Amino acid sequence: MDIFGSTSPELMPPHFFMCGTYVSLDYGNVLRADIDRQNYTVAPRHWYVDTTIVCRDCGAEFLFSMNEQRVWYEEYRFIVDSFPNRCKSCRFDQREMKRLRQEYDESIVSATTTSCVDVELKRTLVAVIERLVDFGIDVPSRILERRDVLFAQIRKLEPTENSTGDELHS
């Protein structure tokens, strides 16, 4: 008696492959799963099957290999119904955008206060905003306005090129 594809990868429930937009399953490349190491509620994955998926961000096809699946489900313990929707490059970009946004959120209030004279912090945040813009995402206008405020504050805090410091002693 086969339960959830326990005897054959071709008999695994189709919902395992519905989360992503998959192009193909390669039943020639399969790996027996260790269901005792998986996170599932009803149906474990008895097999890992090389699966070609279309990235939802860039539209490129990518392989979610049987070995990657073993790591996802047995080592990282993602729930077995989960599936990657982005290729590795787009997943990296997504994590980088999240990291940049967290860096921005953590520092923007202190950097834009008029009492803040930390020019490097202001420059760092301008670079963070520029990097977010470079990703081509729709950056909120409030963030772009704060970038302009930071630029103005940097100009005020930096000494002018003609300044030699003698003005302080006269």
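The values are calculated or read from the model by the stated rules, or taken from the named source; none is laboratory data. Just so it is clear, the model here is predicted, and its values are computed rather than measured. Here Cβ is always computed from backbone atoms with ideal geometry, including for glycine, and neighbour counts include all displayed protein chains.
Within the stretch 85-104, the set of residues being in contact with a strand residue (DSSP E or B) (Cβ under 8 Å, 6 or more places away or on another chain) and part of a loop (DSSP other than H, G, I, E, B) comprises 85, 87. For the stretch 34-52, the criterion of being within 30 Å of residue 133 (Cα to Cα) and not assigned by TED's automatic domain parsing to the domain that holds residue 130 is met by none of the residues.
For the structure I just gave you, tell me whether residue 138 is in a loop (DSSP other than H, G, I, E, B) and touching a residue at least 12 places away in the same chain (Cβ under 8 Å). So residue 138 fails the test.
Okay, residues lined up against (1) in a helix (DSSP H, G or I); (2) in contact with a Leu (Cβ under 9 Å, 6 or more places away or on another chain); (3) under 26 Å from residue 54 (Cβ atoms):
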{"position": "106", "(1), (2), (3)": "yes, no, no"}
{"position": "114", "(1), (2), (3)": "no, no, no"}
{"position": "122", "(1), (2), (3)": "yes, yes, no"}
{"position": "127", "(1), (2), (3)": "yes, no, no"}
{"position": "142", "(1), (2), (3)": "yes, no, no"}
{"position": "146", "(1), (2), (3)": "yes, yes, no"}
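Of all the numbered requirements in (1) within 30 Å of residue 148 (Cβ to Cβ); (2) modelled with pLDDT of 90 or more; (3) of a type outside the set (Asp, Glu), residue 78 misses one, and that requirement is (1). Within the stretch 46-57, residues that are among the acidic types (Asp, Glu) sit with their Cβ atoms under 6 Å from residues that are not in a strand (DSSP E or B), at 6+ positions apart or across chains, in these pairs: 50/65; 50/66; 57/86; 57/90. Taken over the stretch 76-93, the criterion of being touching a residue at least 12 places away in the same chain (Cβ under 8 Å), of a type outside the set (Ser, Thr, Tyr) and either in contact with a Cys (Cβ under 8 Å, 6 or more places away or on another chain) or exposed (fewer than 15 other Cβ atoms within 10 Å of the Cβ) (or both) is satisfied by 77, 79, 81, 83, 85, 86, 87, 88, 90. Out of all the residues in the stretch 28-45, which are touching a strand residue (DSSP E or B) at 6+ places or on another chain (Cβ under 6 Å) and either touching a residue at least 60 places away in the same chain (Cβ under 8 Å) or more than 13 Å from residue 67 (Cβ to Cβ) (or both)? Result: 39, single match.
On the stretch given as the stretch 107-135, residues that are in contact with a helix residue (DSSP H, G or I) (Cβ under 7 Å, 6 or more places away or on another chain), closer than 26 Å to residue 94 by Cβ and of a type outside the set (S, T, N, Q) total 11.
Residue pairs whose Cβ atoms lie under 7 Å apart, sitting 6 or more positions apart in sequence or on different chains, and linking a residue in the stretch 8-26 that is within 18 Å of residue 63 (Cα to Cα) and in a loop (DSSP other than H, G, I, E, B) to a partner that is modelled with pLDDT of 85 or more and small (Gly, Ala, Ser), are 19/82. Where residues in the stretch 46-71 are assigned to a loop (DSSP other than H, G, I, E, B) and in contact with a helix residue (DSSP H, G or I) (Cβ under 6 Å, 6 or more places away or on another chain), which of them is surrounded by the most Cβ atoms within 10 Å (Cβ to Cβ)? By that ranking, first place goes to 55.
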